[in-house]
Structures are given as structure tokens and as C-alpha cells.
Amino acid sequence: MITTPNSKQPVKILKDSFEKSLWEQGKLVVGIDEVGRGCLAGPLVTAAAILPIGRTNPLLRDSKLMSPEERLKAYSWIIAHCRYQIGIVHHRIIDQHNIYQATMLAMKKALVNLLTQINETPGAILVDAMPLKLSDTGFNGIPVYHFPKGEQKSSSIAAASIVAKVTRDALMEKYETLFPGYGLKQHKGYATKIHQGHIHELRHSIIHRESFLGSFRPKIKADDDQQQTLF
């Protein structure tokens, strides 16, 4: 189901129906998605991607449902055939604002970077779930459509999802060497039990999102108080 720009009434769509309709008119379609909204550590990464007119690939699907090997194979196809850009906001921006506003900022970064690069106006922008507003970007004349599970309904969004996921995973693997002990390479900053345990043991690092750690602080303080009673 989708929400059109001028109506809040949901409309059922078929896979790649936007792409097929606009491609027949010779128009480009931009897909946008994010990765890392729910993480306790690291940046939020978004991507904006444009498929070649009339071309898609069975590899393009929801990045969350793919193995690392499948994502890399799809990513190789994307970088060889598609145009894309990324947008990154780091943990401090997330803490200064909030995750919703940070996501909007990152999506706009990716979109503006891409549209500036191609110097061509697409027929539509498709966004996974979030109602992206473009009034402050200079591109507010382009129709924007948002719908849940967008990666499963649009190959353009799926391509963006894969680019964002591969990019963020690579960043988190680099952070593993800079901030050892948290298992970042394994869980990529998500709130797994292992990650939570490391935070309790080591306290948070400078790349952890302070605004996401409120639920851990009572236990950390209780542990500190207990230790102080021993001396």
C-alpha cells in the first residue's frame, strides 16, 4: 500500500509498478532507503539510487533478507549499472536532534548529492516508509511517494537499501579496529544481548549514541553504587 502526494488514502501497488510506468515515459526513478536507525552505535547511512531505464535484476530485494554474500553480489551489479549517492549522519547529529530528523537529513543529503550529479529531473522519488519533505532542497517539484516495506515493492528502493547496508557494514567493521571489545564487526552496532553486555562491562564509547543508552544507565549506576559500598 502507498500514500500518494495529494492523498492519505492507501493504494495497492504491484512490484516495480512505479518504475515500469515512468520508464515507459522515458523518466528516471529515484529510490531512497536508510540503514542503522535502531543501532546503539555508529552512523545512520542512507542511499539514493537510480536504475537504468527498463533494467532491473532479481538480485535487488530487501537487504535485511539477504546474506552478506548476496548483498555483495547485488552491490557489484549496482555499482556497475546504476547511479547512486550516499548520505551519512554520525552519532553526534543523532544525539543533537533525534533519529527521525537525522534520518530526514541523511536522506536529503543522499538525494541532493545524486540529483546534483546527474543534472536531470526524475519522474518520481520513492522512499521506504518515511514521508520525505523536499521544501528546503530545491527539488520540491518532484513527486515523492512513501510506503512501508518499500524494498519489497520497488527495485529502486531495494538498490538503495543494499548500497546503504553494504556501506554501513564496512564502516562498522573499520570501527571494530578503532573501538575493540564491543563486537562491532559482528553486530554492526545493533542492540544485541552481546552488545548490551559489552556496554555494561566497558561503558559506552565515543561512537555510541548517548540518546539511545538511557535504558542502560540505571543498571550502570547501580553497578557503580554497589562497587562503592565495597570500599
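The values are calculated or read from the model by the stated rules, or taken from the named source; none is laboratory data. For clarity, every value in this text was computed on a predicted model and none was experimentally measured. Using ideal geometry, Cβ is built from the backbone for each residue, glycine included, and neighbour counts are taken over all protein chains shown.
List of remarks:
- In the stretch 96-115, the residues that are in the same structural domain as Val35 (by TED's automatic domain parsing) and in a helix (DSSP H, G or I) reach residues that are surrounded by 18 or more Cβ atoms within 10 Å (Cβ to Cβ) and among the acidic types (Asp, Glu) with C-beta atoms within less than 7 angstrom, at least six apart or across chains, in these pairs: Thr103/Glu34; Ala106/Glu34; Met107/Glu34.
- Residues within the stretch 176-212 that are of a type in the set (Ser, Thr, Tyr), out of contact with any Phe, Trp or Tyr (no Cβ under 6 Å at 6 or more places or on another chain) and either in contact (Cβ under 8 Å) with a residue 24 or more places away in the chain or assigned to a loop (DSSP other than H, G, I, E, B) (or both), tallied: 4
- The condition of being in a strand (DSSP E or B) and either in contact with a helix residue (DSSP H, G or I) (Cβ under 9 Å, 6 or more places away or on another chain) or farther than 21 Å from Phe18 by Cβ (or both) holds for only one of Ile78, Ile93, Ile88, that being Ile88.
- Test: residue in the stretch 167-180 that is closer than 23 Å to Val29 by Cα and either crowded, with 24+ Cβ neighbours inside 10 Å or out of contact with any helix residue (DSSP H, G or I) (no Cβ under 7 Å at 6 or more places or on another chain) (or both): yes
- Test set (1) surrounded by 17 or more Cβ atoms within 10 Å (Cβ to Cβ); (2) touching a residue at least 40 places away in the same chain (Cβ under 8 Å); (3) closer than 17 Å to Arg168 by Cβ - Gln85 fails condition number: (2)
- Checked against the criterion of being touching a Leu at 6+ places or on another chain (Cβ under 7 Å), at pLDDT 95 or above and under 23 Å from Leu59 (Cβ atoms), the stretch 174-197 contains not a single residue that satisfies it.
- Out of Lys108, Lys64, sole residue that is in contact with an Asp or Glu (Cβ under 9 Å, 6 or more places away or on another chain) and loosely packed, with under 14 Cβ neighbours inside 10 Å: Lys64
- Residue list for the stretch 108-157, restricted to those being small (Gly, Ala, Ser) and farther than 13 Å from Glu34 by Cβ: Gly123, Ala124, Ser135, Gly138, Gly141, Ser154, Ser155, Ser156
- Qualifying residue in the stretch 113-136 (condition: within 14 Å of the chain's Cα centre (by Cα) and at positive phi): yes
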